[in-house]
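**Q** One structure coming up, written as structure tokens, with questions to follow.
Since every read-out is calculated from the coordinates, none of them should be taken as a lab result. The structure displayed is predicted, hence computed values, not measured ones. When we count neighbours, we look across all protein chains shown, and the Cβ atoms used for this are built from the backbone with ideal geometry, even at glycine.
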Amino acid sequence: MCHVVRTRLSLLARFGWIVLLLPVLAACGSSGNGGTIAWRELPTPTQVPPTPTPDPDAFPAPTRTPTILTDAEIAQYRPNELGRIPILMYHGFTSDPQHTNTWTVTFDRFRADLEWLHDRGFYVISMADMINNEISAPPGKHPVVLTFDDASSKQFRLNKGPDGALTPDPHSAVGVMEAFFAEHPDFGRGGMFAVLPINCFRYPEAETTCEERLTWLDDHGYEIANHTWDHQNLADVSDETLLDEVGATKIWIDERVRGDGNLGNVLVLPFGEWPGHDRQVLLLKDGFIYGGQQIILAGIVGVTGGASPSPSAGTWTRWNISRFNTDPELMAYWQDLIDTRQVTLFTSDGHPETVTIPDPIPADLEKYWDPEWASSYGMQVIRYDASALPDRDLETPDDVLPPEPDSEGTPPSVDIPAGATPPHSEGSSATPSATPSPGRRTEE
Ligand SMILES: [Zn+2]
């Protein structure tokens, strides 16, 4: 698991820098803008992977010299790590074209989406690497994140053979992905599942348990994120219910997902709805005590916003991560913008420890450029002269882009079993401790 080691080593390399920043961060504090969450943030001590912190003694901090691309490689790959990263959002799947809707696509359509992405040099990365700005896509590739909400059985069915062997059902989104990833090893692999504990890919004739399904996903490069306990609209809940919904789900995921796929501290907002009160938004961002445990979130994911800014962009915030729905109309809209180069994509330099950005910056990315932010992760920012290179971008400013089709609406409600409520914890508290620490799995 080369990926795991790399992540942990670079995490450690980053920690020394975080300590240096602490006095500045303490002075900045955090401020609430209510439900819009668009202020500029410095990386905070919670800017760490959703996975646990490694034991420093086990992983001595390396000395790293960023590898700089040669001029020929720059000309070949045209890296631009200020570009945008699509985060695709899927809900329902069907085999029957008659049963599609805004939130349900056919498996054939899903496969076609993957084909389209692969044909254009996209590379599937994890949400954790996106949030941590540790993007390890090969040089010249465009990162993409695949996400799946609500944990339906059409997303993932896990079959058990007579010998006990576990195999994803080919008639599930994971089955489609596994076949596609196997055929296209240059595409990366992964996908983030925003899971509801009450809806853990369940179906009546299931041959496997919820725990087996989560473990299989975790073991195969997928991620399990927090979509609340039972998909309540957080816009209209009490503080107590908010903490139950988020805190109980975080602990539930920690108890079941032991590997790097644990994104229990990444909250995917049900219906894309923010809590109705500013203090509740701050609870999510500052952390809280639930069931005797400290709950510190690493990111909050919405359902709209279009192709995400790069984590190296000055406008990026892990507190409001943008996605777009994959209904055919909206998907076609973004595909057209990408194919006509009206949206400049993130193009990797292949090195997570450097941020390579062309000079001049394409017009549609100018608003993203903030040298202070780009270097604030402790990575080396590399600029190169792109003016002499052949022009490949139309560089159409955002303000002349066609309006986004109004097809997003509100994601569907989820079929909730009767009587399903999160286990209320007597130990919940709205008071975060004075020294927040990154989310940890319960067994460590
Ligand atoms: Zn949902």
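**Q** Go ahead and run the numbers for FRET between Asp163 and Ala112, Cβ-Cβ distance against an R0 of 45 Å, rounding to 0.05.
**A** FRET efficiency, Asp163 to Ala112: 0.85.
**Q** In addition: Report the full-extension gain for the segment Ala75 to Gln335: residue separation times 0.36 nm, less the Cα-Cα distance, to one decimal in nm.
**A** Full-extension gain reported as 91.1 nm.
**Q** Same structure, new question: Under 30 Å from the Cα of Lys141, which lysines turn up, not counting those fewer than eight places away in the same chain?
**A** Partners within reach: Lys154, Lys367.
**Q** Please work out how much length the chain gains when fully extended from Glu207 to Arg383, using 0.36 nm per residue of separation minus the C-alpha to C-alpha distance, in nm with one decimal.
**A** Gain on extension, Glu207 to Arg383, equals 58.0 nm.
**Q** Rounded, prolate or oblate: which fits segment 96-142 when a ≥ b ≥ c are the square roots of the eigenvalues of the alpha-carbon gyration tensor, with rounded for a/c under 1.5 and prolate only if a/b beats b/c?
**A** oblate
**Q** OK, next. Alpha carbon centre of segment 242-302 versus segment 119-197: separation in Å?
**A** 23
**Q** Right, another one. Would you please put 134-145, 158-169 in order of how densely packed they are, using the mean number of other Cβ atoms within 10 angstrom per residue and starting with the highest?
**A** 134-145, 158-169
**Q** What is the sum of charges, Lys and Arg at +1 and Asp and Glu at -1, for the other residues whose Cβ falls under 11 Å from the Cβ of Ser126?
**A** -3
**Q** While we're on this one: Where a Cα-Cα gap under 16 Å defines reach, which lysines qualify for Lys285, not counting those fewer than 8 residues away within the same chain?
**A** Within reach: Lys250.
**Q** Let me check I've understood the local charge: for Ala179, count other residues with C-beta under 13 angstrom from its C-beta, Lys and Arg +1, Asp and Glu -1. What total comes out?
**A** So the environment of Ala179 carries a net charge of -3.
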